[in-house]
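Shown next, in structure tokens, is the structure this report addresses.
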Amino acid sequence: MTSMPLDPEKGESPEIPVGAMRPVAWDDRGIAEQSAASDQILSGTEFAALIVRHDRPLLRYIMTLIPRRDDAEEILQRTAAILWERSPEFDQRRPFLPWALRFAYFEALNFRKELARDRLVFRAEVLDAIVETRSALEGELDQRREALRKCLDAFPARDRDLLQRRYCDSATIAEMADEVGKTAKALYRRLDRIRELLADCVQRRAAGKSVSGSIKP
Amino acid sequence: MSKDNPVADPLPPADQFRRLADGQTTPDEFQAIESRLATDAGYRADYVRFMDLEASLYEELSLAQPRASAATTVTPQTTTWGWRRVVRRLSIAAVSLTVLLAGSWVWVRMLETSANTQFVEAQLKGLEDAAVVTHSSGIQQNPNDRPLMVGTRLKPGVLLLRQGELQIDFLSGARLLLRAPAELHVLSSISATLVSGSVAARVTEGAGKFMLRAPDAAIGESGTEFAINVNVRGDSDVHVYAGDVEVSLLGDDGNTLFSKRLSKAETVHIDRALRNVRTIKMDLDSFAVIRELERSRLVVTHAYYEAVQRSKPMLYWRFDSQNNGQIRNEFDTKYAGQIITEPDDASSISVSGGVAHFTRSNAPRYIKSAEPLAAINRKSFSMEVWINPETFHWGTVMNLIVPGTESRKEVLHMGILELAMQTQMVHKPSVVRYLHRHPPGAHTWGSNLFSPEVCTPGQWTHVVTVKEPNELRLFVNGVLVRRIQGADTAGSDENPYLFSVGQFGTAKRMRQFQGMLDELAVYSRALSEVEVSEHYWTMVSASRPIDPAPGGARPRPTAQRALFAPGNTLAQK
């Protein structure tokens with residue numbers, strides 16, 4: 001599939017990869033559930049509510065295309081700005097998230113063009129293939145996220161704390177190793193082991209297999 | 001299995017994805033992953049599952065997870081390292097990083113086929129942002145390179161400036177202006193090496209330690225401004241614009257051989273071959289000079305004003321004007337602002353053009369509410385402000401203080417919103433910090449929320465704090481970035497609190513904020529996520545540069561990156 005960059009100056013509807021167009025399992029509960037008339041323009045408050053409600057699915061989608069978190073958040077910010085600009089065009093009878101994902105996809109492509117020489121970013125046709133795969137797996141991914149919450153609850157507090165330091169505070173392994181008096185290598189091993197157990201737990205739960213009440217790495 | 005030889009012995013898919021997510025893949029590894037993603041559907045499905053789990057982990061752990069106990073603050077202490085010890089320590093770090101950067105450097109040389117300006121990031125795991133571009137002019141880049149525009153963040157790497165000039169602010173607070181042709185190696189937020197060319201440097205008082213190295217010399221000290229020219233032989237000329245600067249002539253091991261203290265207006269030549277430093281006279285036009293940031297203002301529409309009014313603030317300072325040192329509260333006759341400055345330094349706080357502008361002063365200077373805020377902490381409250389800092393620095397924006405303690409040696413704070421640096425807690429430099437301390441006290445405890453990203457000099461950043469009885473929230477640019485939950489997190493009481501703006505407390509000259517503030521509001525309730533988002537986007541959607549971007553391209557509507565950049569002149573509200 002050929003992907004053309006979004007040209008908002010021309011007011012064009014972007015060409016979208018097939019996968020991204022499928023509204024199937026996306027969480028679109030907050031949309032147009034009020035099924036307002038399409039010619040009514042949402043107020044700033046209503047549109048802000050839509051963005052707030054959907055920013056996390058948007059970030060998950062973007063991170064599949066551009067895995068580095070900092071880059072993904074930058075793309076999310078750009079996407080939100082575009083969505084705000086294009087809000088009068090949003091058809092309230094349709095789901096919000098698939099509409100928003102189109103813009104996220106093209107912002108990822110634009111970002112890729114900007115950074116292709118500085119960083120490692122996938123080719124456009126690979127991004128298209130990922131989008132299609134993601135769309136096909138959406139139901140399973142929902143189950144896995146639910147499973148993740150349960151698995152995290154079952155994890156020992158000190159392992160959860162370690163994960164939280166890594167993911168919440170963006171602490172480097174070296175900083176964390178300094179704090180707990182271990183070598184960075186030991187902490188890498190520990191973190192890898194925790195994530196391995198977590199992935200295994202998610203896989204088992206999502207597949208409907210039994211998982212013991214608590215997890216002891 | 002060796003992780004160093006992935007082509008000969010490929011890692012399992014999960015390990016490949018892990019390295020990709022952590023930014024550790026080599027170009028060869030990346031190419032292998034990309035090829036397989038394009039052709040292997042099962043591998044692609046595993047990749048999607050992995051990345052979705054990774055993103056979900058961020059989501060679950062960064063915002064939703066309550067913390068069992070509040071963070072503990074440590075009393076800030078002045079760093080007592082001697083200058084030579086700092087030189088030695090920074091030299092070791094700089095030498096190590098220079099070695100690590102060598103790989104990137106070779107790559108630059110191999111890629112360098114055009115005469116365009118280039119910045120190549122070091123390909124190392126775990127590197128943090130070191131600096132941000134704050135001024136750029138006359139630069140030509142290759143079409144696919146990341147634009148070196150105002151707001152672009154730089155990690156350690158090699159900068160080859162072929163045309164024009166570029167100013168970068170290091171997260172430690174130092175500001176460098178490079179004039180082409182120049183080559184600068186960005187080593188970290190506290191050090192850089194000028195390989196050749198002209199650089200001006202300003203390390204303001206209140207900035208962190210910073211060292212600028214020339215091939216055989218090292219310079220850096222807070223409260224100084226100076227310039228260095230390095231010629232092709234590696235000899236350096238140094239001129240001091242302000243403060244006293246210590247120049248260290250370095251030996252082969254990177255340690256100081258000889259040092260000389262230079263005063264304002266002094267110029268020296270450092271001869272690499274002879275290893276000496278001698279005073280000279282030369283034309284000052286050959287030295288670069290720091291650019292002052294343009295002071296762009298917010299475009300504040302009536303829609304923004306209405307959005308804030310709908311949220312019913314108890315205090316709303318718009319800084320449209322001042323009357324005998326009084327700032328009007330738009331929502332009430334109470335809680336007007338009072339500008340407090342020393343008579344001989346009244347310009348350290350000025351209200352004009354619709355903003356409040358703060359500069360460094362040798363005396364305490366601040367704006368305080370005419371009356372303490374009554375029962376502000378009864379249950380929930382929120383504080384909202386637009387911040388445009390002059391530099392990266394440690395500057396307190398807002399305080400909530402127990403009345404009567406503001407003049408004591410130890411001020412009793414209930415809340416502080418500030419740009420944090422060198423606090424001796426774990427966080428990036430120059431991020432937004434909200435501290436809630438209850439019962440109010442001095443420096444020994446408190447719940448802290450640090451933003452993940454910095455507040456960039458010359459750009460407007462929207463900051464909102466929300467306190468609820470068992471939860472604290474910090475929003476930056478309309479997005480919830482930190483939350484702390486738990487019964488012990490945020491105590492409540494019925495007492496009034498003194499509200500002041502612009503420095504830490506009111507009694508001493510301490511942590512003075514430098515830059516501009518606008519549209520400051522305090523609410524006696526919790527703003528919702530939707531209200532915060534609406535306020536932010538209402539402001540952003542109204543902001544448009546008057547001049548189109550070069551080439552007629554539509555300017556990016558990203559608040560952090562372009563809309564409020566100094567190069568964009570914005571209409572007055």
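The values are calculated or read from the model by the stated rules, or taken from the named source; none is laboratory data. The model shown is predicted, which means the values in this text are computed figures rather than measured ones. A quick note on method: Cβ atoms are made from the backbone with ideal geometry, for glycine too, and the neighbour counts reach across all protein chains shown.
Structure notes:
- All of (1) more than 9 Å from chain B (Cβ to nearest Cβ); (2) touching a Ser or Thr at 6+ places or on another chain (Cβ under 6 Å) hold for A:Pro95 with one exception: (2).
- Long-range neighbours under 7 Å by Cβ, at least six apart or interchain, first residue of a type in the set (Phe, Trp, Tyr) within segment B:43-70, second modelled with pLDDT under 85: B:Tyr58/A:Arg69; B:Tyr58/A:Tyr167
- Scan of segment B:295-350 for residues that are charged (D, E, K, R), more than 22 Å from B:Ser533 (Cα to Cα) and surrounded by 14 or more Cβ atoms within 10 Å (Cβ to Cβ), ordered by number: B:Arg295, B:Asp320, B:Arg328, B:Asp345
- Filtering segment B:454-477 to residues that are part of a strand (DSSP E or B) and either surrounded by fewer than 21 Cβ atoms within 10 Å (Cβ to Cβ) or of a type in the set (A, V, I, L, M, F, W, C) (or both) leaves B:Val454, B:Val463, B:Val464, B:Val466, B:Glu468, B:Glu471, B:Leu472, B:Leu474, B:Phe475, B:Val476.
- Exactly one residue out of B:Ala346, B:Ala356, B:Ala370, B:Ala375 is within 30 Å of B:Phe170 (Cβ to Cβ) and modelled with pLDDT of 90 or more: that is B:Ala356.
- Restricting segment B:165-209 to residues that are of a type in the set (Asp, Glu) and under 25 Å from B:Trp394 (Cα atoms) leaves a set whose member that is modelled with the highest pLDDT is B:Asp169.
- Among (1) within 23 Å of B:Val463 (Cα to Cα); (2) of a type in the set (A, V, I, L, M); (3) touching a residue at least 60 places away in the same chain (Cβ under 8 Å), the one test that B:Ile339 misses: (3)
- The set of residues in segment B:213-233 being surrounded by fewer than 24 Cβ atoms within 10 Å (Cβ to Cβ) and assigned to a loop (DSSP other than H, G, I, E, B) consists of B:Pro215, B:Asp216, B:Glu221, B:Ser222, B:Gly223, B:Asn231, B:Val232, B:Arg233.
- Subset tally (residues that are more than 25 Å from B:Gly458 (Cα to Cα) and outside any loop (DSSP other than H, G, I, E, B)) for segment B:363-378: 2
- The number of residues in segment A:125-171 that are facing chain B (nearest Cβ under 7 Å), outside any helix (DSSP H, G or I) and not hydrophobic (A, V, I, L, M, F, W, C) comes to 1.
- Identity of the residue in segment A:112-124, facing chain B (nearest Cβ under 7 Å) and modelled with pLDDT of 80 or more, that ends up surrounded by the most Cβ atoms within 10 Å (Cβ to Cβ): A:Phe122
- Answer residue from segment B:97-140, given it is modelled with pLDDT of 65 or more and of a type in the set (Val, Ile, Thr) and is nearest to B:Pro457 (Cα to Cα) among those: B:Thr134
- When segment A:50-59 is filtered for residues that are within 7 Å of another protein chain (Cβ to nearest Cβ), over 18 Å from B:Asp22 (Cβ atoms) and under 8 Å from the mean Cα position of the chain (by Cα), only A:Arg56 remains.
- When segment B:499-540 is limited to residues that are touching a residue at least 12 places away in the same chain (Cβ under 8 Å) and polar (S, T, N, Q), the one that is nearest to the other protein chains (Cβ to nearest Cβ) turns out to be B:Ser533.
- Residue within segment B:353-362 that is assigned to a loop (DSSP other than H, G, I, E, B), at positive phi and either in contact (Cβ under 8 Å) with a residue 60 or more places away in the chain or aliphatic (A, V, I, L, M) (or both) present: yes
- Whichever residue in segment A:70-92 is crowded, with 21+ Cβ neighbours inside 10 Å and among the charged types (D, E, K, R) and, among such residues, is farthest from the other protein chains (Cβ to nearest Cβ): A:Glu74
- Of all residues in segment B:142-154, exactly one satisfies the criterion of being in a strand (DSSP E or B) and either more than 10 Å from every other protein chain (Cβ to nearest Cβ) or on the phi > 0 side of the Ramachandran plot (or both), namely B:Leu154.
- Within segment B:22-46, being surrounded by fewer than 19 Cβ atoms within 10 Å (Cβ to Cβ), among the aliphatic types (A, V, I, L, M) and at the interface with chain A (Cβ under 9 Å from one of its Cβ atoms) holds for B:Ala38, B:Ala41, B:Ala45.
- B:Val432 at pLDDT 90 or above and assigned to a strand (DSSP E or B): yes
- Qualifying residue in segment B:435-445 (condition: crowded, with 23+ Cβ neighbours inside 10 Å, at pLDDT below 85 and in a loop (DSSP other than H, G, I, E, B)): no
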